[in-house]
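What follows is a single structure, written as structure tokens, with notes after it.
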Amino acid sequence: MHGGELVAEVLHAQGTPFLFTLVGGHISPILVAAKQRGVRVIDTRHEATAVFAADAVARLTGRPGVAAVTAGPGVTNTITALKNAQMAQSPVVLIGGAAPTALQGRGALQDIDQMTAVRSVVKWAQRVSRVKALIPTLEEAFRQAQSDVPGPVFVECPVDLLYDEATVRSWYGAERGGKSLADKAVKHYLRFHVNRLFSGAQHAKAGPNIEIAPPAPEPTAIRQIAERLLQAQRPIILVGSQALLDVAHADALAAALQSIGAPVYLSGMARGLLGRDHPLQLRHKRREALREADCVLLAGAPCDFRLDYGNHIRRSAVYISINRSRTDLTQNRKPTIGVLADPSLTLRTLAAQLPTRRPPGWQAWLANLRARDEARNHEITQQALAPTGKVNPLHLCLELDRQLTPNTILIGDGGDFVATAAYILQPPGPLRWLDPGAFGTLGVGAGFALGAKLVHPDADVWVIFGDGAFGYALSEFDTFVRHAIPIMAVIGNDAGWSQIAREQVALLGDAVATELAHSDYDRAVQGLGAAGMRLDDPELAAEALMQARTCAAHGQPVVINAILGKTDFRKGSISM
């Protein structure tokens, strides 16, 4: 059994359904052995896409997603995707190839110091130096990826650990010229080196599936939260992505929020947690609500730029923070009550211990917030009717929202158009919305869609692209076609990097580098075997969306290239 098979044995033992990759000679034994063990190998057109896809699998299953890439540029191409997973606290295992152990630092093909390049963007990284260490190192990688604050991990596997012993001995035993003492010494060293590489490998065996229980809250913390929450008249609960790390209990978390009964805002991966139109969920005017609230509970959400570094919460309010990360727990603002624990488990425990009656002011507070929401929804509906020359983006998003099914998964990849869509689209349930997270990364859409459709093959997977972001995704429609992944994409094509241009032009008077073209992305994907449609008449939006669903139902990935008109819906939305 060669080293690639040992790696595959670990993946099989850990229940890994998919291995995402861009092929390279350094990792070929892993790919072949994984396929032989029933792991579906999905090759992409860029290594970042492979990691984004693994990230999506992790988010939707609660188990580490896995990618394998070749040495050198294969590894460095993953850096952005790894950092995105790190900031999103997503458990991803990246296996990287490397130059042969005896040739590292000597100018071997694609040989660089990968560990230094990767360490700052992963939770844990380890280089394997002997075949017998492959299994325990990879198992530790799965453990590290899931424990405490989950995150991406990296395992470097040199190529001479992955092929069979006879092949490796032939590499190192080639004729090296004369029979001088120096040559004999080199050959002796190489024989010793190979012996050491493979020593003990025959005893390696993969262990059982590794599952890590989420960190539980202290009982005293639950009592403190309950006491302060029930003293409040205007409470707000804001649930962030971290609360959905415990995928298996997503429905139980939704039930807990229903039982607690306080108004709820959802952000990031938590969007859709309560389904559509839940009476406790608010979607608009969050800043105003937080500033008026007398008790704010953040569940898995830090006080970062999205909350104006904590300034959206007034100083006199009781501020409760629940987070797995000690850093995020106190970021920018010290909470009145800080609980270092899993947010989902904490809220579920809290709901079970609260009395049935709620303070009398809660209903009036909720009614006030809902009235604001309804007023804002009315404003959006009116703005969607305004002529814009081409397709009004608000009108397009409202049409798409009407066509969502209970089995829809929504993915956002872009700036201005995606942010507009986030105001309007309502995910139908838990784990039905994916976006990059706090890193704000463009280019996640294709990988996220790939992972989502593989995990939920019967789901309607819609990707909302900005035309700028779609530039990262175009080549992956080849991946979708080759692997029969029928995702649906809507490109908001306004011929520019509009999120930047809005402020750049207003403040600096120049649109330099923000202008694109109304490119024929629909025709481009047709060249890769996908279906493509151009939409420039708002009256045909509903028909185009229905046609896209028909294409996907017949197994064909599809793109709607929607030519947008200009609006000022998001004027003044720059973030710092």
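The values are calculated or read from the model by the stated rules, or taken from the named source; none is laboratory data. The model shown is predicted, which means the values in this text are computed figures rather than measured ones. Neighbour counts run over all protein chains shown; Cβ positions are idealised from the backbone, glycine included.
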Q. Could you say whether any residue in segment 486-499 is of a type in the set (Ser, Thr, Tyr), in contact with an Asp or Glu (Cβ under 8 Å, 6 or more places away or on another chain) and at pLDDT 95 or above?
A. no
Q. Which of the residues belonging to segment 224-249 are in contact (Cβ under 8 Å) with a residue 24 or more places away in the chain, of a type in the set (D, E, K, R) and in a helix (DSSP H, G or I)?
A. Arg228
Q) Take the residues of segment 387-418 that are among the β-branched types (Val, Ile, Thr) and surrounded by fewer than 22 Cβ atoms within 10 Å (Cβ to Cβ): which is modelled with the highest pLDDT? A) Thr405
Q) helices (runs of 4 or more DSSP H) wholly in segment 31-98 with at least 2 residues that are among the polar types (S, T, N, Q) - which ones? A) 47-61, 79-88
Q.
Every residue in segment 426-447 that is out of contact with any Phe, Trp or Tyr (no Cβ under 6 Å at 6 or more places or on another chain), hydrophobic (A, V, I, L, M, F, W, C) and surrounded by 24 or more Cβ atoms within 10 Å (Cβ to Cβ), please.
A. Trp433, Ala446
**Q.** In segment 311-335, the residues that are more than 22 Å from Leu350 (Cβ to Cβ) and either in the same structural domain as Gln89 (by TED's automatic domain parsing) or more than 24 Å from the chain's Cα centre (by Cα) (or both)
**A.** Asn311, His312, Arg314, Arg315, Ser316, Asn332
Q.
Could you check segment 517-549 and list, in sequence order, the residues that are in contact (Cβ under 8 Å) with a residue 60 or more places away in the chain and in a strand (DSSP E or B)?
A. Leu535
Q: Filter segment 366-412 down to the residues that are hydrophobic (A, V, I, L, M, F, W, C) and in contact with a Pro (Cβ under 7 Å, 6 or more places away or on another chain), then identify the one that is nearest to Pro279 (Cα to Cα).
A: Leu366
Q: Among the candidates Ala317, Ala289, single out the residue that is buried (at least 20 other Cβ atoms within 10 Å of the Cβ) and either over 22 Å from His249 (Cα atoms) or in contact with a Gly (Cβ under 7 Å, 6 or more places away or on another chain) (or both).
A: Ala289
**Q.** 3 or more residues within 26 Å of Asp536 (Cβ to Cβ): qualifying helices (runs of 4 or more DSSP H) within segment 310-404
**A.** 361-384, 393-403
